[in-house]
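Below is one structure, written out as structure tokens; the observations come after it.
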Amino acid sequence: MSLFDRQKIVLLTTFLLMVLSLRNALYPAEQWLQHTPTVLMLLGLLWSTGNARLSPIAFSCAISFIALHIIGARWIYSNVPYDAWWESLTGSSLSKQFDWQRNHYDRLVHFASGCFGVPVAFDWLKQTWDASHPKVSLPKRWGWFLSLCVVMAVGAAYEVLEWQIAMLFSPDQAEAYNGQQGDLWDAQKDLCLAGIGGLAAIGIHWIWSEMRRD
């Protein structure tokens, strides 16, 4: 079985996971809205298996991010019971330990959008560059910098989309989708975390490259 056949099986499994997450939906209308980007991401990855052909690392990053999003969509982010899960495992509460006043699952996913998104963007940029400049390799420094720019641009566009949803939907529907939880600086913090996640991915790649060189 080829690599791309295995990737298609993983895509099918992830799609089935999304479908199963809709069973006995806690927030039916909001969950369907949350899964609009899920379907778009899965279709993009399906296209990539036959065209762009992401590397195994980039593909794994994309699938990991989608899995995190599916969990968030199940509880519309603001209500993901990670605290209860952690308490059942360790007997302690994260919210009490760190004095958290809100659900921070959305913060994790925005960090992951940078950490997992940068390798995907780098792969795409490298393939686009190689197709246009077959004799000159894309400098890694520029590749990672532009990858971070792509991730931040996508994140900013998504925050604008959330703003439009807040303007068009009722306040309850907008809050259920956006998950601001009363934080006026939610968009800025989300973008900041995406940037930190992207820088973390670049740092991990640099350390890994140096270890391989040794």
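The values are calculated or read from the model by the stated rules, or taken from the named source; none is laboratory data. Keep in mind that what you see is a predicted model, and the values were worked out from it rather than measured. With ideal geometry, Cβ positions are generated from the backbone for all residues, glycine too; neighbour counts draw on all protein chains shown. Surface areas here come from the heavy atoms of the whole protein model, side chains and all, with no ligands, DNA or RNA. Shrake-Rupley method; radii C 1.70, N 1.55, O 1.52, S 1.80 Å.
Computed over the chain with a Gaussian network model linking Cα atoms closer than 10 Å, the most mobile of L54, L12, L148 is L12.
Note that segment 3-212 presents 59 Å² accessible area per residue, ligands and nucleic acids not counted, probe 1.4 Å.
Which value in deg cm²/dmol, rounded to the nearest 500, describes the helix-derived mean residue ellipticity at 222 nm for the chain, given -39,500 (n - 2.57) per DSSP H run of n ≥ 4 and division by the residue count?
Only helices count here, giving -26500 deg cm²/dmol.
So how tilted is helix 56-74 from the main axis of the chain? Cα-based, degrees 0 to 90, rounded to 10. So the inclination is approximately 10 degrees. Enter the mean projected area of the convex hull around the alpha-carbon atoms of segment 3-212, in nm², rounded to one decimal. Taking a quarter of the hull surface, the average projection is 13.9 nm².
Among the lysines of the chain, pairs at least eight places apart or on separate chains and with Cα atoms under 26 Å apart come to 4. Considering only F65, F145, F111, the mean-square fluctuation computed in a Gaussian network model of the chain, springs between alpha carbons under 10 angstrom, is largest for F145. Counting only alpha carbon atoms, the long axis of helix 28-50 and the longest principal axis of the chain meet at about 10°.
Against the chain, whose longest principal axis is taken from its Cα atoms, helix 186-213 shows a tilt of about 40°. Approximating the spin labels as points 7 Å out from Cα along Cα→Cβ, the T36-to-W185 distance works out to 3.0 nm.
What FRET efficiency, computed as 1/(1 + (r/R0)^6) with R0 = 25 Å and r the Cβ-Cβ distance, is obtained for M1 and A131, rounded to the nearest 0.05? Could you put the intermediate results ahead of the total?
Numbers: r = 27 Å, r/R0 = 1.08.
After rounding, the FRET efficiency stands at 0.40.
Taking G155, G50, G143 as the candidate residues, the one with maximal mean-square fluctuation in a Gaussian network model of the chain, Cα springs under 10 Å, is G50.
Ignoring ligands, DNA and RNA, what percent of the accessible area of segment 11-149 is carbon or sulfur (1.4 Å)? C and S atoms contribute 69 percent here.
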